[in-house]
Amino acid sequence: MGAKKYGVRTSAAQFFFYFTWIITGAITFRSVINRKIDSEELAYNDPDATDRVLVVYSIQYGLVVIMFVLNCFADAEPKKYDERIKILKNPCPQLKASFLSRLTYVWATPLLWRGFRNPLTAKDLWNVDPKITSRGIVPQFDYHLDPIMQKHKEKVQSSGAVPNNRATMSGSKGSLKLNTEADIKKKQSFSIFPAMFKTFGPMFFAGGAMKIIYGKISLYFKKNYKSNCLHFLDGMQMISPQLMKLMIGFVTASAIGDGAEESWKGYFYAALLLANTMFQVKPFGLNL
């Protein structure tokens, strides 16, 4: 209820919790059923206890399945809603989709079918999520950057140094010290890494963690199986943008209607994209 109050319509943690519970609970459920069968065959002293365990666990497991099904759908619109989303004329369905829908991209199916039947236009596209636009990101970045800039400014003023001066008076009377380009840059510059980390830290941390895991797996296979398969997959990732470029060129030519592109090329590019994606994912499914 608290998540719903503050605008969270779906929860990945709850989805994986009930999904894991169903998988692991199925093993226990099977054991309880086998115990019931064995009690009938071996004539245990207390068969009623086995019946009670079966009934109670069946009810429990059924309720967990219901909770899992309910978590496959998003909740209703929360009381506290982002005002930036309310003003959007055509908001993206991902904003109100469930976690399962986001995981399988079901929320994008209507647009795919519309594009399959007719060429897409600018009116068919959704509005960009305000959280990932410059209007939503820049204020957050400025909020973290302003204290750093103010602190650096106070530090420069307190030191009595004028960063952009080419020459300053030295300690000796009447002597002039020339500032090098490196000295000027050192006094003028400050690090924006803390502001970037506070603004984009979670996203970069998650992406970096996944890349580290990917590198560890690659190193493991290279060490134990003398295989460069995963390094080859890194190279395969560079093919997708080129295929997308060909696909965009095909769609553009088809929209113009000049007849320069044959229809089979579109199917061929789409098949190459699918094969390239599956080729990158399949080795993980086979080895892991």
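Any read-out appearing in this document is the output of simple, stated calculations on the displayed coordinates, not a laboratory observation. Predicted, not measured: the structure shown is a model, and the values here were computed from it. We place every Cβ from the backbone using ideal geometry, glycine too, and count neighbours over all the protein chains shown.
Kindly put Lys151, Lys123 in sequence by how many other C-beta atoms sit within 10 Å of each C-beta, fewest to most.
Placing the least packed residue first, the sequence is Lys123, Lys151.
Report the calculated FRET efficiency for Phe73 and Ala253 (r = Cβ-Cβ distance, R0 = 30 Å), to the nearest 0.05.
0.15
Modelling each spin label as a point 7 Å along the Cα-to-Cβ direction, I'd like the Ala49/Tyr105 distance in nm, to one decimal.
If labels sit at Ala49 and Tyr105, their model points lie 5.4 nm apart.
Given labels modelled 7 Å from the Cα in the Cβ direction, how far is it in nm from Asn90 to Lys151?
4.5
How would Arg114, Arg102 line up from fewest to most surrounding beta-carbon atoms within 10 angstrom? Spell out each step's value before the answer.
Numbers: Arg114 13, Arg102 16.
Ranked by crowding around the Cβ, least crowded first: Arg114, Arg102.
Going by how many other Cβ atoms sit within 10 Å of their own, how do Phe73, Phe205, Phe99 line up, fewest first? Intermediate results must be reported in sequence, preceding the final value.
Working: Phe73 14, Phe205 11, Phe99 19.
Fewest-to-most ranking of Phe73, Phe205, Phe99: Phe205, Phe73, Phe99.
List, in order, the whole-Hz ³J(HN,Hα) value for each residue of segment 48-59 obtained from phi through the Karplus relation with A = 6.51, B = -1.76, C = 1.60 and θ = phi - 60°; use x for Gly and Pro.
5, 5, 5, 5, 5, 4, 5, 5, 5, 5, 5, 5
How far is it, in nm, from the label point at Ser134 to the one at Ala275 when both lie 7 Å from their Cα along the line to the Cβ?
4.1
Could you tell me whether segment 83-131 comes out rounded, prolate or oblate from its Cα gyration tensor? Rule is a ≥ b ≥ c as square roots of the eigenvalues, rounded for a/c under 1.5, then prolate if a/b exceeds b/c, otherwise oblate.
The shape class here is oblate.
Using only alpha carbon pairs under 8 Å that are at least six residues apart, calculate the relative contact order of segment 83-131 and give it in whole percent. All intermediate terms of the calculation are to be shown ahead of the outcome.
Working: 27 pairs, mean separation 27.7, N = 49.
Over segment 83-131, the number comes to 56 percent.
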